[in-house]
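Written below as structure tokens is the structure these notes are about.
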Amino acid sequence: MRSLAIDVGNTRVKVALFEDGVMRSCTVCEDGLLPEADCSIVSLTGERPNWLPENCIELNHRLKMPISLDYATPETLGSDRIAAAAAARCKFPERNLMVVDAGTCVTVDYVTKDGVYHGGAILPGVEMKFKALHNFTARLPLLKISDVVTACEPVGDSTQGSIVSGVVCALRYSLEGYAREMSHRSGDEVKVVVTGGDAHLIAGEWSEDPWLVMCGLNEILMMNL
């Protein structure tokens, strides 16, 4: 069986093709042209594009999934957060998990080893913080992801280095704090899994999986056919 997992994010659209549960490709879709498949599922951040297959399943909290949601407003929960948490649960079923998706925003999600999703946090992403520092000050330059030479050097010896420290290092330190708190709550050290376009900046020794959302989408799709 050929299946498609489609992630319509804030900045780009990614499409993964699976054959019998194995991911064969994952590409950025710019023209709305999709590979042929027997079924498909989509994670949306906004309106449903008109180029999606007519029978494409839209991920929402009502679908069958490998996690149960202990969340006060499940109808507002981002489908990419659900997909990433579901994939992490399937990959590490015996662990308490902290799932980090580092994209336009950085999301932090807590899943206990009994398969319950408890929620988490939403933080501004790296590029968003760079833009805020530039837009709301008179003299700070606008940095880009490509300007980040080192992932985490806390003492910047230039204005650029100080901005990188205040953005990238501070984000990493925040996530370390979340990991400590979630480990304390669970009584066991959480397994941290990081995904998203900026994962390489903050992952360090944590597990990094660039395909977490796509694999989670496909897992949920297979449960709902």
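Report, please, the projected area of the range 1-150 averaged over directions, based on the convex hull of its C-alpha atoms, in nm².
On the way: hull surface 46.0 nm².
Averaged projected area of the range 1-150's Cα convex hull equals 11.5 nm².
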How much of the DSSP beta bridge set in the chain is antiparallel, as a percent to the nearest 5?
60
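What order do you get for 131-142, 1-12, 79-90 when each peptide is scored by the mean count of other beta carbon atoms within 10 Å, highest first? Don't skip to the answer; put the middle values down first.
Numbers: 131-142: 11.3, 1-12: 18.4, 79-90: 25.7.
Highest mean packing first, the order is 79-90, 1-12, 131-142.
What does the charge count around Asn50 come to, taking other residues whose C-beta lies under 14 Å from its C-beta (Lys +1, Arg +1, Asp -1, Glu -1)? Provide the component values of the computation, followed by the final result.
Working: positive: Arg48; negative: Asp31, Glu47, Glu54, Glu58.
Once all neighbours under 14 Å are counted, the net charge is -3.
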Given charges at beta-carbon only (K, R positive; D, E negative), |dipole| of the chain in Debye
360
Square roots of five times the Cα gyration tensor eigenvalues for the range 94-150, Å:
33, 12, 6
Taking the range 62-204 on its own, what percent of its Cα-Cα pair distances exceed 23 Å?
39
So how much slack lies between Cys105 and Glu47, counting 0.36 nm per residue of separation and subtracting their Cα-Cα distance, in nm?
19.0 nm
So if I place +1 on the C-beta of Lys and Arg and -1 on the C-beta of Asp and Glu, and nothing else carries charge, what would the dipole magnitude of the range 36-140 be about its Cα centre? I want it in debye, nearest 20.
480
Ordered by fewest other Cβ atoms within 10 Å, a rough proxy for footprinting exposure, Val42, Val99 read Val42, Val99
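Mind giving me the FRET efficiency for Glu181 and Ala72? R0 is 22 Å, r the Cβ-Cβ distance, nearest 0.05 is fine. Walk me through the intermediate numbers first.
On the way: r = 19 Å, r/R0 = 0.86.
The value I calculate is 0.70.
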Enter the angle in degrees (range 0 to 90, nearest 10) between the Cα long axis of helix 79-91 and the first principal axis of the Cα atoms of the chain, meaning the one along which they spread out most.
80
Once phi is turned into ³J(HN,Hα) by the Karplus curve 6.51 cos²θ - 1.76 cosθ + 1.60 with θ = phi - 60°, what whole-Hz value does each residue of the range 30-45 show in order, with x for glycine and proline?
10, 10, x, 8, 10, x, 5, 7, 7, 7, 7, 9, 9, 9, 10, 9
Find the lysine pairs in the chain meeting two conditions, Cα atoms under 25 Å apart and a separation of 8 or more places or different chains, and report how many there are.
13
One finds, for Glu58 and Met23 with R0 = 30 angstrom and r their Cβ-Cβ distance, a FRET efficiency to the nearest 0.05 of 0.90
Sorted by Cβ neighbour density within 10 Å, fewest at the top, the residues Phe92, Phe130:
Phe92, Phe130
If I model a spin label as a point 7 Å beyond the Cα along the Cα-Cβ vector, how far apart are those points for Asp188 and Glu36 in nm?
4.6
Evaluate the distance, in nm, between pseudo-label points positioned 7 Å from the Cα of Trp211 and of Tyr173 along their respective Cα→Cβ axes.
3.6
So what's the angle, to the nearest 10 degrees on a 0 to 90 scale, between helix 212-223 and the longest Cα principal axis of the chain?
20
Gap separating the Cα centres of the range 24-100 and the range 168-190, nearest whole Å:
25
C-alpha long axis of helix 126-135 to longest principal axis of the chain, angle in °:
50
Relative contact order for the range 12-59, counting Cα pairs under 8 Å that sit 6 or more residues apart, in percent
29
Calculate the spin-label point distance for His134 paired with Ser146, positioning each point 7 Å from the Cα along the beta-carbon direction, and give it in nanometres.
1.2
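None of the figures in this text is laboratory data; all of them are computed from the coordinates on show. Computed from a predicted structure; not experimentally measured. Note that we place each Cβ from the backbone using ideal geometry, even for glycine, and neighbour counts take in every protein chain shown.
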